[in-house]
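The values are calculated or read from the model by the stated rules, or taken from the named source; none is laboratory data. Because the structure is a prediction, the values reported are computed rather than measured. Every residue, glycine among them, receives a Cβ derived from its backbone with ideal geometry; neighbour counts consider all protein chains shown.
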Amino acid sequence: MSRFMIRCAALAAALVAGQPLSAADSSLDEIVISANLRATPLGELPASVSVLDADTLRAAGVQHLQDVLTLVPGLSYASGTSRPRFFQLRGVGETEQYQGAPNPSVGFLIDDIDFSGVGMPATLFDLARVEVTRGPAGTVYGANALAGLIDLRSRDPGNSFDLRGEATLGDYATRSAAVAIGDGRADGSSGWRIAAQQYRSDGYRRNVYLGRDDTNGYDEGTVRGKLHWQPTAALDATLSLLYVNLDNGYDAWSVDNSRVTRSNQPGRDAQRSSGASLRLHHQGEHGEWLSISSGSDSHSDYSFDGDWGNDTYWGASAPYDYFEQHLRARRNLTQDLRYLANPVQLPFGTLRAVVGGFLARLRESDQQFDGWNDQYYGAGSSLLYSDYNASNQALYGSLEWQRNPRDHWQLGVRAEQRSSAYTDTSDVPFPHARDRMLGGNLSWSHRLDAQRQLYATLARGYKAGGYNIGDQVDPALRQFRAELLWNLELGMHGELASHALDYQADLYVMRREHMQVYNSRQLTPDNPLTYVFFTANAARGENYGLESALHWRPLPRWQFDASLAVQHTRYVAFELPDSTAQGRAQAFAPGYQFALAANWQSPQGPFARFDLSAQDRFYFSTSHDQQAAARVLCNLRVGMRRGAWSASLWARNLFDRHYAVQGFYFGDEPPDFPVKLYLQNGDPRQLGLTVAYGAGGH
């Protein structure tokens, strides 16, 4: 496929040579970042941020955020679920959450509603943009943004009637239907929008024991609503509502690491979430008040066949049957109130200040069921109830100093306290915990000219400690400490005078102190349900790398996008004496990632997009040295647009590459239970057709 990309670039160069650029037709739109203390143009932000707009999400994706993750440099995810929930930025993030406190390293917001750690509701229909901030966002979001933030924004209400519909058919029994409708007053003082979608697919697996191909299937329903109201010239309010019901199967593992399964008790990965947020903005004489209130309620059912087989398959070793289920309920409330003062002109420059406070309350309960029937232990079951409560209080502030038209300084500080308590029915005592954490940033930016800006940022992020669940965990490891992360970043934003090309690049160095890492052990060799996950603190870790992104529109018909991330990670010191990870790269931290995209759009209606993404090998865990192989994947979409209608044919994983998204290393197969690497495979090639009405936006 490299030849294809070279030919596309050569064709674009020939067209540029034969026809001058038109700045009016070929310019790229200015991007304003909302996931910040102030709405700030991307080119002025002293941070590394990627933005995927609505056009990119429609052209590069089909259903879920999972489809477009490769477009963001430095972003990866660990599977083990039907949809991504565990994200890593620059190699920092969770890889699973079978055990441990729900305290993620990567923040995840949908319309200001906090879904950190439970990001399955990230369906793409009617999204306006995805913003990904890399590096600690301690000043803005605190304990849930140690590594960065993923912020999803749905479309806002417009000032006129708008209707959009979409239908998709594809192989693997894929079909979906969606509609969005909205209206508003012409003066923009009020408006509303509702979007709904239902998506189904069989999940790319065949269960030969049950004779079914839907045991790993998707059944995903999404409803979003927004109401905007501006009662006075100084006050406006936006109410966002969300209901998502993801009733997915989970039958992704096979003893022979194929997409053919033999489970007699296929699992589920279902999540039903509802949430709301209210954003109030008041413009006063001396500054602005911003209040963001949110709440969410999520219920999930995560279960799996623990032996991935059936008695007929196990033969002489039967009966051999294991099953595990987690029923979780999570409620989360947050309140953020900030005051943004107007700029103050002083003899030594311009000052702008922001002060704010933050409150959060989280409760998560889990009911874990384990059942077994084998010739080694007989038949039996166990049930563990657990309950986790945490509250956060934070004060933060930011002071910006514009010394002259070219130099800009920013100092941000956030002090946060997290109090937590954990109980369960194992009769293991867990003392209450309280973490007092301090984070912030010191940033300098220098404008070289009207199109180029350099910046340097020193940031400190933090993440609270937590608990490991159940009486199988070593008493010395039942609690783990808070983690601190220092990040030094040097970067540059720039664009051509014609606005036909923009770019960004950064170098970063991270130092992690008391870093929280996931570990696993199989306590009993012939019992797969004793494969225990727990979190422990490593003494130190180091991450450093390079990230860059480029968007180029040489002509109105062509746009090329490219991104690259190169990173080096390692565990500098490890506190677990039996670990082999000392000095090794961190889990789910590939050495490189890059993505290339070519977009072509004819005024007569035809359009096409080609995506190529590549990722280096990576370790699955700190507990063993097994790795996923490097991979290269290609996607393609071609279509026709006529007025408000469009139709497109698309292919995901065009060349049907076989690759792994998760791996576990343990003994599962009787009678000898050899320790082996078991893989969850990524999706095979998928073909489909999407027909849309009004897809051009509003």
TODO: Identify all residues within the stretch 157-179 that are closer than 30 Å to G217 by Cα and assigned to a loop (DSSP other than H, G, I, E, B); write none if there are none.
DONE: D171, Y172, A173
Task: Selection status of S116, hydroxyl-bearing (S, T, Y), closer than 21 Å to S274 by Cα and without any contact (Cβ under 8 Å) to a residue 60 or more places away in the chain - done: yes
Task: First in the stretch 531-556 and within 30 Å of A500 (Cβ to Cβ), second anywhere and among the basic types (K, R), Cβ under 9 Å, 6 or more apart - done: G545/R90; E547/R90; E547/R134
- [ ] Give the stretch 431-475 a look and list any residue that's of a type in the set (A, V, I, L, M, F, W, C), crowded, with 21+ Cβ neighbours inside 10 Å and not in a strand (DSSP E or B), or say none.
- [x] A464, I469, V473
TODO: Output the number of residues of the stretch 409-421 satisfying the condition of being in contact (Cβ under 8 Å) with a residue 60 or more places away in the chain and either over 27 Å from the mean Cα position of the chain (by Cα) or part of a loop (DSSP other than H, G, I, E, B) (or both).
DONE: 1
- [ ] Take the stretch 202-224 and flag every residue that is assigned to a strand (DSSP E or B) and small (G, A, S).
- [x] G221
Task: Where a residue in the stretch 323-342 is without any contact (Cβ under 8 Å) to a residue 60 or more places away in the chain and its partner, wherever it lies, is among the hydrophobic types (A, V, I, L, M, F, W, C), with Cβ under 6 Å and at least six apart - done: Q325/F369; Q335/L359; D336/I292; D336/F358; Y339/W289; Y339/V355; A341/A353
Open item on the list: Criterion first (among the charged types (D, E, K, R), within 26 Å of D269 (Cα to Cα) and touching a strand residue (DSSP E or B) at 6+ places or on another chain (Cβ under 6 Å)) does R352 satisfy it?
Closed with: no
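Residues are listed down the side, and each one gets a yes or a no for (1) within 28 Å of L362 (Cβ to Cβ); (2) touching a residue at least 24 places away in the same chain (Cβ under 8 Å); (3) of a type in the set (G, A, S):
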site	(1), (2), (3)
D151	yes, yes, no
N159	no, yes, no
S189	no, yes, yes
I194	no, yes, no
S201	no, yes, yes
G211	no, no, yes
Open item on the list: Step by step: first the residues of the stretch 476-491, then only those that are surrounded by fewer than 17 Cβ atoms within 10 Å (Cβ to Cβ) and modelled with pLDDT of 90 or more, then the one that is farthest from V92 (Cα to Cα). Which residue is that?
Closed with: L490
TODO: Would you tally the residues in the stretch 257-291 being assigned to a strand (DSSP E or B) and of a type outside the set (G, A, S)?
DONE: 15
Open item on the list: Tell me yes or no: at least one residue of the stretch 180-201 is under 29 Å from R268 (Cα atoms) and not in a strand (DSSP E or B).
Closed with: no
Open item on the list: Between A12, A17, which is assigned to a helix (DSSP H, G or I), of a type in the set (A, V, I, L, M, F, W, C), at pLDDT below 95 and out of contact with any Leu (no Cβ under 8 Å at 6 or more places or on another chain)?
Closed with: A17
Task: Any chance L65 is within 25 Å of V179 (Cβ to Cβ) and either of a type outside the set (D, E) or at pLDDT below 90 (or both) - done: yes
Task: strands (runs of 3 or more DSSP E) fully within the stretch 639-696 counting 3 or more residues that are farther than 15 Å from G170 by Cβ - done: 660-667, 675-681
- [ ] Please go through the stretch 403-428 and pick out each residue that is among the aliphatic types (A, V, I, L, M) and under 18 Å from L484 (Cα atoms).
- [x] V413, A415
Task: Subset tally (residues that are crowded, with 17+ Cβ neighbours inside 10 Å and basic (K, R)) for the stretch 591-632 - done: 2
Task: Whichever residue in the stretch 508-534 is over 13 Å from A573 (Cα atoms) and within 21 Å of the chain's Cα centre (by Cα) and, among such residues, is modelled with the lowest pLDDT - done: Y518
Task: Unmet criterion (only one of (1) part of a strand (DSSP E or B); (2) farther than 30 Å from A318 by Cα) for D301 - done: (2)
Open item on the list: Just to check your reading of the model, which residue among G165, G182 is in contact with a Phe, Trp or Tyr (Cβ under 7 Å, 6 or more places away or on another chain), surrounded by fewer than 21 Cβ atoms within 10 Å (Cβ to Cβ) and not acidic (D, E)?
Closed with: G165
Task: Residue under evaluation V638, criteria (1) hydrophobic (A, V, I, L, M, F, W, C); (2) modelled with pLDDT of 95 or more; (3) touching a Ser or Thr at 6+ places or on another chain (Cβ under 8 Å); (4) surrounded by 19 or more Cβ atoms within 10 Å (Cβ to Cβ), criterion not met - done: (4)
- [ ] Pick out the one residue from L235, L241, L210 that is modelled with pLDDT of 95 or more, more than 30 Å from the chain's Cα centre (by Cα) and surrounded by 16 or more Cβ atoms within 10 Å (Cβ to Cβ).
- [x] L210
